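Contents: one structure, followed by commentary.
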């Protein structure tokens, strides 16, 4: 069976956690497409050309443990506005979505650009302040030296770049189910997502 779930939303809204849980629930494969851009961004920090890095990306590149740092996140957001980088990564994502057994892809433009015909589409969001607090706690737990103000600035700057870029801006697909996680527990958010996907299942 081929069944595609597209989950979009801004940084730190919870879409990664929700996507993994949805994939586990239905036994689908999962792809965090943000890792593609993080992997390319990480290579540019080492001096590689962004477009060349995107064209040469392999699944093994996504296993780098250093892809979650703030520096890589900012680099990822910067390379994501480059049209040729996005084009190079589209084929990678669509190939993954076409696999048998079902697939969950999460990112910024899955339901609008990568898989506009996805069987189920979700848009996971939350207030910038709530998302910044979540990201701040996550970074502190990992030992990063950041302040709440710095993280909020980063989140707002990234939102602006993602929403205003000329190619594939961050917007909810017109047929996506929106889930605002600002005041939801992880369990409540996952339950809402599972219910939304189940409603789109055949039969």
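Here the condition is being without any contact (Cβ under 8 Å) to a residue 60 or more places away in the chain and touching a helix residue (DSSP H, G or I) at 6+ places or on another chain (Cβ under 9 Å); of 141, 129, 164, 178, it holds for 129 alone. Taken over region 33-45, the residue count meeting the criterion of being in a loop (DSSP other than H, G, I, E, B) and more than 29 Å from residue 129 (Cβ to Cβ) is 0. Just one of the listed residues (67, 89, 57) is in a helix (DSSP H, G or I) and free of Cβ contacts under 8 Å to residues at least 60 places away in the same chain, namely 89. If you go through region 1-22 and pick out every residue that is assigned to a loop (DSSP other than H, G, I, E, B) and closer than 19 Å to residue 116 by Cα, you end up with 5. Check whether at least one residue in region 130-146 is outside any loop (DSSP other than H, G, I, E, B), at pLDDT 95 or above, in contact with a strand residue (DSSP E or B) (Cβ under 7 Å, 6 or more places away or on another chain) and crowded, with 21+ Cβ neighbours inside 10 Å, and report yes or no. No: zero hits. Comparison of 162, 180 shows that the only residue that is at pLDDT below 95 and over 21 Å from residue 102 (Cα atoms) is 162. Among the numbered conditions (1) surrounded by fewer than 20 Cβ atoms within 10 Å (Cβ to Cβ); (2) modelled with pLDDT of 95 or more, the only one that residue 53 does not meet is (1).
Among the residues of region 24-32, is any closer than 16 Å to residue 4 by Cβ and assigned to a helix (DSSP H, G or I)? Yes, region 24-32 has at least one match.
Take the residues in region 94-117 that are closer than 17 Å to residue 18 by Cα and in a loop (DSSP other than H, G, I, E, B); name whichever of them is nearest to the chain's Cα centre (by Cα). The qualifying residue nearest to the chain's Cα centre (by Cα) is 108. When region 185-199 is limited to residues that are in contact (Cβ under 8 Å) with a residue 60 or more places away in the chain and surrounded by 15 or more Cβ atoms within 10 Å (Cβ to Cβ), the one that is nearest to residue 1 (Cα to Cα) turns out to be 197.
The values are calculated or read from the model by the stated rules, or taken from the named source; none is laboratory data. The model shown is predicted, which means the values in this text are computed figures rather than measured ones. Every residue, glycine as well, gets a Cβ built from its backbone with ideal geometry; the counts of neighbours run over all protein chains shown.
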